[in-house]
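Every read-out reported here was derived from the displayed coordinates using simple, explicitly stated rules and does not represent laboratory data. If you're wondering where the values come from, they're calculated on a predicted model, not measured in any experiment. No Cβ is skipped: glycine too gets one built from the backbone with ideal geometry, and neighbour counts run over all protein chains shown.
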Amino acid sequence: MSSDLKLEAELGRDHGSRSSRRLRRNDKIPAVVYGQDSDPLSVTLDRPKFRAALNAAGPNAVITLDVDGSDYLTIVKNMQRDPIANRVTHVDFMLIDIDQRLVVDVPINLVGDAVLVRQEGAVVQQQMMTLTVEAPAGNIPQMFEVDISEMSIENPVRVSDLEMGTGVVAQVEDDSLIAIGQRSRASIAAEETAGEESDELGEGVEPGEEAAAGGDGSGEDAGEDTQAD
């Protein structure tokens with residue numbers, strides 16, 4: 001069984017930094033295909049076609065590499081990038097079987113408007129950007145999309161809230177936090193200030209209590225004066 005995504009690669013290339021720089025100037029990417037006890041294959045990719053494939057299917061896509069007419073079922077295991085230009089400079093492809101279980105990192109994307117969090121004077125803090133899962137090669141999620149419309153400070157988003165898909169198993173605990181409502185220091189300080197002011201007002205004596213206290217005092221004085229007479 002092969003994947004629907006197919007990418008051509010040219011077999012054979014010169015090794016070394018000088019050769020790699022020449023390939024990149026020609027909009028090519030050096031790559032290697034390895035795994036399943038096979039000898040590594042040094043190949044060359046067309047940069048625009050590789051970029052289009054990843055944009056269409058995601059970084060965890062199963063790719064059939066057409067290497068000079070021979071098909072190899074693979075997944076991208078590693079990509080090296082230029083730290084300044086952020087361009088891919090080298091790709092490692094790992095040979096796989098379609099039913100093989102793989103451990104991969106899947107991106108998490110938050111969608112929706114967390115109205116309740118905002119009403120509580122808080123903001124959404126994403127605690128987990130990717131989730132490590134084990135899944136069949138043919139059923140790897142490309143992204144987890146999480147709706148945060150119903151979340152609140154008391155109701156954060158956890159791994160257990162995700163729809164995993166058939167055969168997909170998270171490699172962390174179900175109650176691990178993905179997103180929480182975090183109140184700002186300013187909102188906490190404002191609430192504490194309001195509470196202190198309320199406490200200060202509550203410490204005063206009620207006007208009725210003052211009148212009662214004054215009345216009792218005058219009655220006792222009057223009684224004492226009468227007895228003295």
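What to note about this one:
- Extension gain, SER160 back to GLN142 (0.36 nm per residue minus Cα-Cα distance, nm): 4.7 nm
- When only Cα pairs below 8 angstrom with a gap of at least 6 residues are kept, the range 5-97 shows a relative contact order of 32 percent.
- Efficiency of FRET from Cβ geometry, ASP99 and GLN182, R₀ 41 Å, rounded to 0.05: 0.45
- Partners of LYS28 within straight-line reach, counting lysines whose Cα lies under 18 Å from its Cα and excluding those fewer than 8 residues away in the same chain: LYS6, LYS49.
- Put a dot 7 Å past the Cα of ALA57, heading toward its Cβ, do the same for LYS6, and the two dots end up 1.1 nm apart.
- Listed residue (PRO136, SER152, THR166) projecting farthest to the positive dipole end of the range 103-186, Cβ model: SER152
- Cut-off 17 Å (backbone N to label point 7 Å along Cα→Cβ of GLU134), residues of the range 141-185: 141, 164-174
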